[in-house]
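The values are calculated or read from the model by the stated rules, or taken from the named source; none is laboratory data. In this text, all values refer to a predicted model and were calculated from it rather than measured experimentally. Cβ placement follows ideal geometry from the backbone for every residue including glycine, while neighbour counts extend to all protein chains displayed. In case anyone asks, the SASA skips ligands and DNA or RNA and just uses the protein heavy atoms, side chains included. Shrake-Rupley method; radii C 1.70, N 1.55, O 1.52, S 1.80 Å.
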Amino acid sequence: FVSGKGLVIYPEIGDKLDIICPKGDMGRPYEFYKLYLVKKEQAESCSTILDPNVLVTCNKPEKDIKFTIKFQEFSPNYMGLEFKRLTNYYITCK
């Protein structure tokens, strides 16, 4: 994660995106991150102050953590993410 840099992807409804928090090396420093789904202004300023939606927390250096985002318009799970077609979404980390 580099401030001021970004990655743009163009998923379609039904696509999946895997986010992996890699296992840390024993005896080496480990960087802890939380990834948030935010508004455009928040992504541009790296802010998570206004109503952040935590997607994943990378806080377990002893194991790999894999989080899968499925781009779907409706989720069967009330806590699931839903995405509208032709809408931009932003993820940032702290």
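Looking only at residues in the range 17-43 that are touching a residue at least 40 places away in the same chain (Cβ under 8 Å) and farther than 16 Å from Asn59 by Cα, the one that is surrounded by the fewest Cβ atoms within 10 Å (Cβ to Cβ) is Asp18. Count of the range 61-79 residues, restricted to those that are out of contact with any strand residue (DSSP E or B) (no Cβ under 8 Å at 6 or more places or on another chain), farther than 12 Å from Ile13 by Cβ and surrounded by fewer than 11 Cβ atoms within 10 Å (Cβ to Cβ), is 6. The residue pairs whose first member lies in the range 72-91 and is within 26 Å of Glu44 (Cβ to Cβ), whose second member is among the small types (Gly, Ala, Ser), and whose beta carbons are closer than 7 Å, counting only pairs six or more residues apart or on different chains, are Leu81/Ser75; Glu82/Ser75; Tyr90/Ala43. Lys94 meets the conditions (1) under 30 Å from Asp25 (Cβ atoms); (2) surrounded by 15 or more Cβ atoms within 10 Å (Cβ to Cβ) in every case but one. The failed one is (2). Pairs linking a residue in the range 44-64 that is under 17 Å from Asp18 (Cα atoms) to a residue that is among the β-branched types (Val, Ile, Thr) and open to solvent by less than 80 Å² (accessible area, probe 1.4 Å), with Cβ atoms under 6 Å and 6 or more positions apart or on different chains, are Val56/Ile19.
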